[in-house]
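Written below as structure tokens is the structure these notes are about.
The values are calculated or read from the model by the stated rules, or taken from the named source; none is laboratory data. All of these numbers come straight from a predicted model, not from anything done at the bench. Cβ placement follows ideal geometry from the backbone for every residue including glycine, while neighbour counts extend to all protein chains displayed. Ligands, DNA and RNA are excluded from the accessible area calculation, which covers all protein heavy atoms including side chains. Shrake-Rupley method; radii C 1.70, N 1.55, O 1.52, S 1.80 Å.
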Amino acid sequence: MPAIVLRYMERQARDLGVPYLAAGFVQGTQDVAEALHHGAAGVCTSDEGLWELRRSALRVS
């Protein structure tokens, strides 16, 4: 479930009516912001530098 595909399936994921997590290919704060913007309830990443990241610190461009 690569997080980068969310922009292409946002509506289908939203129509499921269940929360989902974005994971895979999350490489920075912009990837996290984009996944959340496209409806993910949260983001999974192995990048320890992103583990303490809070929604309030994100900006979507």
With a 1.4 Å probe and every protein chain left in place, work out the accessible area per residue of the chain in Å², rounded to a whole number. 73 Å²
Given H placed on each backbone N at 1.01 Å, which residues far from Ala23 in sequence or on other chains put an amide H within less than 5 Å of it? Ala3, Cys44
Just flag the chymotrypsin sites (Phe, Trp or Tyr not before Pro) in the chain sitting in loop per DSSP whose Cβ has no more than 13 other Cβ atoms within 10 Å. Phe25, Trp51
Cα centre as origin, Lys/Arg/Asp/Glu Cβ charges: the chain dipole, Debye: 240 debye
Leu58 versus Ser46, label points 7 Å from Cα toward the beta carbon: distance in nm? 2.1 nm
Percent carbon-and-sulfur accessible area, the range 11-56, ignoring ligands, DNA and RNA, probe 1.4 Å: 53 percent
A correct Karplus calculation of ³J(HN,Hα) over the range 20-26, with 6.51 cos²θ - 1.76 cosθ + 1.60, θ = phi - 60°, whole Hz and x for Gly and Pro, returns 9, 9, 8, 8, x, 6, 8
